[in-house]
Amino acid sequence: MRQPAIQVEGLEKRYGKTVALAGVDLSVRPGTVLGLLGPNGAGKTTVVRILATLLRPDAGVAQVGGFDVAREPGKVRDLIGLTGQYAAVDEGLTGYENLFIIARLSDLARRDARNRATELLDRFDLADAGNRLVKTYSGGMRRRLDVAVSLIGRPRVLFLDEPTTGLDPRARGDVWDLVRSLVADGTTVLLTTQYLDEADQLAHNIAVIDHGTVIETGTPAQLKAKVGGQTLDVRPMDPTQLDTVATVVADVTGAAPDSDRVDGLVSVPVEGVQALTAVAARLERDGIAVAELGVRLANLDEVFLALTGERK
């Protein structure tokens, strides 16, 4: 068995009387993405800061690449990269200058620093903008540059703390593609995010943290199956038939459905696909055309709400 890229056991952190972490356990396989989810104040960023050697834990053990973050912080720093919630690049410098300076501060020789900066600009589709001041960059370009800076030292483990906060959907998609390419190259990623669809898209495994402790772990599919079961969704072609569809669904399933008038969708928990067949037959008999009809697992928003009671 390969050694975990990240191993955390019984991690605790307090700030006076406030308990930030109350015994966190995590294990991340090399070359995978762990999505760390939780409400604001749950302890996600505290975990990242400890793993990145920016904070010392009060108790427990945390290892990155087999090195203890408290006893061997220098060795851990040689292995990691960190991208925080907000881009930490200098707007008064060009993209190239940001990368070159960090490369030099990372002890790369001048020629190696130039080559690494150029290589990263190419990789992150910033070559044409490399000589422009960062203050002229879009939010997505700044985020790509920020991730590029964190990769100067070719880290084996990358911490992404809410990396797409404030980005538009296209820029978020660009960051997602970057993460996928990094993982394909063997990088291990610990991702904290407020966007549950982001975790669903990127994470191989998810850990849900609340009040400083991990309350559930598993793959996205495992969490959906464990927490949410299955849901039957029906969207009538004619939104004015929403109440009629809800009545049909209630009659067939024997359960009270939810009706979302904004999305024009009727949803109800079900067990198995038999309800789908029965509802489809009843709708066809009644002459009700549908734009959508299917059974799905719960989404991560529903899982999150069920586990934490927090509405995202």
**Prompt:** Which one of these is in contact with a helix residue (DSSP H, G or I) (Cβ under 6 Å, 6 or more places away or on another chain) and charged (D, E, K, R): D177, D161?
**Reply:** D161
**Asked** In the stretch 156-166, which residues are part of a loop (DSSP other than H, G, I, E, B) and open to solvent by 10 Å² or more (accessible area, probe 1.4 Å)?
**Response** R156, E162, T165, G166
**Request:** Return the residue satisfying two criteria in turn: it lies in the stretch 6-22 and is small (G, A, S) and over 24 Å from Q194 (Cβ atoms), and of such residues it is surrounded by the fewest Cβ atoms within 10 Å (Cβ to Cβ).
**Result:** G16
**Sole residue being more than 25 Å from G140 (Cα to Cα) and crowded, with 21+ Cβ neighbours inside 10 Å, chosen from V47, V33** = V47
**Request:** Working only within the stretch 119-148, note down all residues that are closer than 25 Å to R180 by Cα, open to solvent by 50 Å² or more (accessible area, probe 1.4 Å) and assigned to a loop (DSSP other than H, G, I, E, B).
**Result:** D125, S138
**Residue in the stretch 274-289 that is nearest to the chain's Cα centre (by Cα), counting only those that are in contact (Cβ under 8 Å) with a residue 40 or more places away in the chain and open to solvent by 30 Å² or more (accessible area, probe 1.4 Å)** = L276
**Message:** Taking the criterion of being modelled with pLDDT of 95 or more, among the hydrophobic types (A, V, I, L, M, F, W, C) and either under 22 Å from W176 (Cα atoms) or in contact with a helix residue (DSSP H, G or I) (Cβ under 6 Å, 6 or more places away or on another chain) (or both), would at least one residue in the stretch 5-14 satisfy it?
**Reply:** yes
**Request:** Evaluate the following for A42: is it surrounded by fewer than 21 Cβ atoms within 10 Å (Cβ to Cβ), of a type in the set (G, A, S), at pLDDT below 95 and within 23 Å of the chain's Cα centre (by Cα)?
**Result:** no
**Asked** Got at least one residue in the stretch 175-188 being touching a residue at least 40 places away in the same chain (Cβ under 8 Å), over 26 Å from T118 (Cβ atoms), surrounded by fewer than 21 Cβ atoms within 10 Å (Cβ to Cβ) and of a type outside the set (G, A, S)?
**Response** no
**Fill in**
Of (1) closer than 30 Å to L151 by Cα; (2) among the basic types (K, R); (3) buried (at least 19 other Cβ atoms within 10 Å of the Cβ), R170 satisfies every one except (3)
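Listed here are the residues, each with its yes/no results for (1) basic (K, R); (2) at pLDDT 90 or above.
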site: V134; (1), (2): no, yes
site: R144; (1), (2): yes, no
site: V147; (1), (2): no, no
site: L160; (1), (2): no, yes
site: Q194; (1), (2): no, no
site: Q222; (1), (2): no, no
**Request:** Specify which of the listed residues (V303, V268, V295) is within 28 Å of Q194 (Cα to Cα) and in contact with a Ser or Thr (Cβ under 6 Å, 6 or more places away or on another chain).
**Result:** V268
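The values are calculated or read from the model by the stated rules, or taken from the named source; none is laboratory data. What you are looking at is a predicted structure, and each value in this text was computed from that prediction instead of being measured. Glycine also receives a Cβ, built like all others from the backbone with ideal geometry; neighbour counts cover every protein chain displayed. Only protein heavy atoms, including side chains, enter the accessible area calculation; ligands, DNA and RNA are left aside. Shrake-Rupley method; radii C 1.70, N 1.55, O 1.52, S 1.80 Å.
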